[in-house]
Every structure is written in C-alpha cells, then in structure tokens.
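Participant: One structure, pasted below without further comment.
Each value in this text was obtained by applying a stated rule to the coordinates, not by laboratory testing. Since this is a predicted model, take the numbers as computed values, not measurements. Neighbour counts are summed over all protein chains in view; Cβ atoms, including those assigned to glycine, are modelled from backbone coordinates with ideal geometry.
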Amino acid sequence: MEEIARFLLGIPPFSQLSPEQVEQIGNEMQIEYFPAGENIIVHHGPPSAYLYIVRQGSVDLLREHEHGVQILDTLGEGEIFAYPSLIRNKPPIATVRTREEVLLYLLPAATFHQLRRTIPLFNRFFATSAIERISQRLQAHDANAAPELFRMRLRDLIRYRLVSISPDASVREAAMLMSQHDVSSVLVESDPPGIVTDRDLRNRVLAAGLSDATPVTRVMTSPVLTLPTDSLVFEALVTMLQRKFHHMPVVEGDRIVGMVTHSDILRQQSKNPLFLPRQLQRARTADDFRAYADQVTATVGSLLDAGARVNDLGHVASVAYDALVVRLLQDAEATLGPPPCPYAWLAFGSEGRYEQVLRTDQDNGLAYASDAPSGAAEYFAALAEQVVGALLASGFPPCPGKVMATNPEWRQPLDVWKSYFEQWMSMPREHTLLRVAAFFDYRPVYGSLEVESVLRPVIRRGRENRVFLGRLARVALRQHAPLSFFRQLVLERSGETRDLIDLKVRGTTLVVDLARLFALEAGCPRTNTVTRLHHCVEQSSLSPSGADDWWQRSN
C-alpha cells in the first residue's frame, strides 16, 4: 500500500491532500489488470462501481456507432475516469477500452462518496461544473483548444522554489529532500546540472539493487533538456510526450529557475483538455496523420476566434507541425533502420520562423555529417522521400521552388551547407538573394547533428559584410506597401489577385524581410520575426521607437 500512496501523492486531487489522508485512501484501493482490447466500463451500461486510476498503460474513451468506432480521447498513467458516472449514479457517457495491457487502481464507490463528503479539497476537484465540461467535451467529441492553456507560459506553472542538492550527496539524501519538500525531483548542482526524480529512485536504485549510499551523480540524468520560462505550456507538453519524461526544468537565461512536471500540466488539463498531442500519439495511418493536421488547422481557427495573438498562433501551429515531422522521421527510421550517421532535419521560411499558421508549402532540407560513411546519401534520400511523401499525404503541398529534402541540392553534408551560406554572403547577387533569403531563417527540427555551431557563425559574419547587407536591403524594399500618394489602399490591377490586396506579398513579406535584415545586421540568432524586432534594437540601425511600432503591429 505504501507504493500506491507514493503514486497517488504525485497526481491530482490526491497530491493536494496530506500524506496521512493519502495513505488511508491507499488502503482502500483495489488493483486490477486488464488485457488489451477489453472494455472496462460501457457507454449506456450500468453505473460505474469504482473510480479508476491508470497506474500503467493507456485506455481509450470511445463511442461506437453505425459508421464505426470513434475515439474521443486517450488516458495514460496518472489519469482518472468514471467519476461522471459515479457522481450522477448514471450510465457512463463513454466506453472505456484498454489500448494496451493496463494496470488500474480502483477506489470503491462508497469510499469515493465518503471522501467527497469529508474532504472539501477532494470534493472541489470533482465539482459538478468540471463534470459538465468533461461531459460536453465527450458528447461533442470535439478537440477545440482551450485558449487559456495555449496562451499560458511555463512561468505560470512554477509553483514552488526549486529544490537542489550537491553532487556529492547520496540517493538517500535526495529521497529525504524530496520527501521534506513534497516534490518528485531534485536538481543536482553538477556541471552540467542533472536531475534525479522519484522514478529514478525506483527504477535506477531500488530495482537495480543499489545501496542508499549511492551518489546521486550515478543515477541522475545529465545534461537535462530545458525550456525557457516564456515557452508555451503546449510546447512543453508536446516535448514531454515525445521524450517520454515527466519533469521539465525551466530556465531564465542560462539559469534553471524552476521545475514543471507532467502533473502540473495535468492539473490544467482537468480544466482545459489538450487533445492534439494524444491524437498524434495514437496515429497509425496516413488518414490519422491527415486528421491530425486538419485538427491543428481547426485549433488555430478556434484560438483566432478566441482572440489569441497572431505570434502565439504561429508558435502553437509550428510546434504542432514540428511534432508531426518528428513522428514521421521516427517512423521512417523505424522502417529504414538507424541512420548511418548524425543528421538534422531543417525547416526554412515561415516554419523556420515559427510563423506557419496554416499548412503552407513545404520548405525543408536535410544536413548530415560531413564524414558520413558509404551509403549514407542513399539512406537519407530514402528517408526524405518517405517523410516528404507523408507530409504531402497530410495536406502540405510541395514547394514550387523544390526547396525540399527530396531535392539533392538541399540534402547535403554539413560542410556543403556551410559553403552554401558562405557563397551566398560573399558573392551576393540580388536575383540569388530573392531565392535564398528564407534559408537564413533555418531552424533544426530533429536529429542529433550539431548544425548551429557550424552555420550560425557564418551568418553572424554577415554583419561585417556591408555589400551583402546593402543588397539584401534592396531586395527587402523591392516590394512597396499597397498605399497611394494619399495613403489610401491600392488594389492589384492585374493577374489572379486583380481588385484584391495580396497581404503576404504587399504586407507581411515586407515586415519579415526587414526584420531578417535587422537581425543579420545585429548578429541576432533568433528567427521569429517579432522576436527579431524585439531583440536587435541595440545592435542594428533599427531605432527603439521603430522597433516598438513594428513589434506592436506584428503582434
């Protein structure tokens, strides 16, 4: 029962109760195993007799109708179900079926109702309003995004002071510190920093038969993956699901200032369900991936209707599309075998700037190690064909200029990519700059190849090349704003956009190009347009007032 209590203390609402209360609840729990594909509760069946908590594995919430089975959501470790039926004493609002082998904790109905009567915190968590929201979500089988969560930053989830420990400490001292501060992880003050979690103590210490005197440095994870405090909670959730970990250190500059856990995000999910990452997790077919991309588009529309900032919309969409690309690359690796050498999948243009709100043309490339072994070129050609083809099937059109990893010109060893950038900057031809400007907005999306340390210094040297910057400025200013002499909007006079205004060509492109120019002049490594305008004032010819004006108009 001690193991059950430890697990419950890490998930809401039990995490809000005292250890004594949770220990008593653990004594009432039953444990049951279910094989894959088995119904636990049935839509319109008898009212549930238990509150179910997923200990291991996952279950699908679904509805069956004449057109087939419709999956409404997927619940994993630490998530709870069946309480709408328990509270209302009515048939379940959805069938819950095991997606894989599942271990569940079962709390009897009588104990559940007693806890609601005697513990206000427990009762509030299962308030009627929350039940109604969940019922509406299931009945509408809708994945509409909750704007509050998509606007929320990681800094909003940091609730406690960061708990850290010396690298000379033992795992016993780490466990005592976690217990004392009621946290599930500690930061190890090593160089680079590491992290030890309660799972590490269970899996790497107890299960491995190690002594409690074992140094924390032996079982810690280091270096740790971090995200800045201004990152979206949605981005953290996607990253944690992709990497299959439960703790995210949060940094301010170069300093780790807090820790956000999977449970912290689950608390928000209880109010604002996040559907997209789970939908991608369970995708198996081309139709599934297309449905995911469609849902990203729908989510962006919902956020726009709710008044979300355009820059946030671009970030949410780009993170969601990145997750799709990562999944497709991982599937390709599973089909083709491990890559023969490190590589990086690169995003250019709007995706590289975190500004791809809708499914625009593909702009991608691939860099692989300069000392790649024989056969690497053929492997990455096959990988690019599979991924680009899957993106086409998901609704992402091909690039008219063939800037895709399937084009051998944009699938090269890293030293060739370096020579590309050096040539573009040392011999800048205006007609070439028109074609390659978007490459300066590159961003690595996936892969272990370190491209930043090779390509970014080349780009930084561009600030010293006045000829390059001057010609880039001429390219940026080639398009004029659609205004007449009297500052009235002017419509196109010919072509497909006659009597219309092309907001991309005549509007956003001008802002993007000038922000890129100022960033290159300042040596700013950022790729997002708004961020560029915000960060390159002191080191470029952009004035503070001009930056504020552009920033306000772009945000």
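Participant: Between Ala381 and Ser453, how high is the FRET efficiency from 1/(1 + (r/R0)^6) when r is the Cβ-Cβ distance and R₀ = 22 Å? Nearest 0.05.
Facilitator: Efficiency, rounded to the nearest 0.05: 0.30.
Participant: Each residue of the stretch 313-322 in order: what ³J(HN,Hα) in whole Hz does its phi give by Karplus 6.51 cos²θ - 1.76 cosθ + 1.60, θ = phi - 60°, with x for Gly and Pro?
Facilitator: Karplus-based 3J(HN,Hα) across the stretch 313-322 equals 4, x, 5, 4, 5, 5, 4, 5, 5, 4 Hz.
Participant: Taking amide H positions as placed in the peptide plane 1.01 Å from N, state which residues far from Ala169 in sequence (5 or more) or on other chains have amide H under 5 Å from it.
Facilitator: Correct list: Val216.
Participant: Using a 7 Å offset from the Cα along the Cα-to-Cβ direction at both His44 and Ala208, what is the distance between the two label points in nm, to one decimal?
Facilitator: Taking the simple label geometry, His44 and Ala208 are separated by 5.3 nm.
Participant: Further question: Which ³J(HN,Hα) values in Hz, rounded to whole numbers, follow from the phi angles of the stretch 245-252 under the Karplus curve 6.51 cos²θ - 1.76 cosθ + 1.60, where θ = phi - 60° and Gly and Pro get x?
Facilitator: Using θ = phi - 60°, the values come out as 10, 10, 10, 10, x, 10, 10, 10 Hz.
Participant: With each pseudo-label sitting 7 Å past Cα toward Cβ, what's the Asn465-Ser374 distance in nm, one decimal?
Facilitator: 3.7 nm
Participant: Please work out the FRET efficiency for the pair Asp415 and Ala393, using the Cβ-Cβ distance as r and a Förster radius of 30 Å; give the result to the nearest 0.05.
Facilitator: Given R0 = 30 Å and the Cβ-Cβ separation, E is 0.35.
Participant: Test of understanding: what is the full-extension gain from Ile71 to Arg155, defined as 0.36 nm times their sequence separation minus their Cα-Cα distance?
Facilitator: Net length gain for the segment: 27.0 nm.
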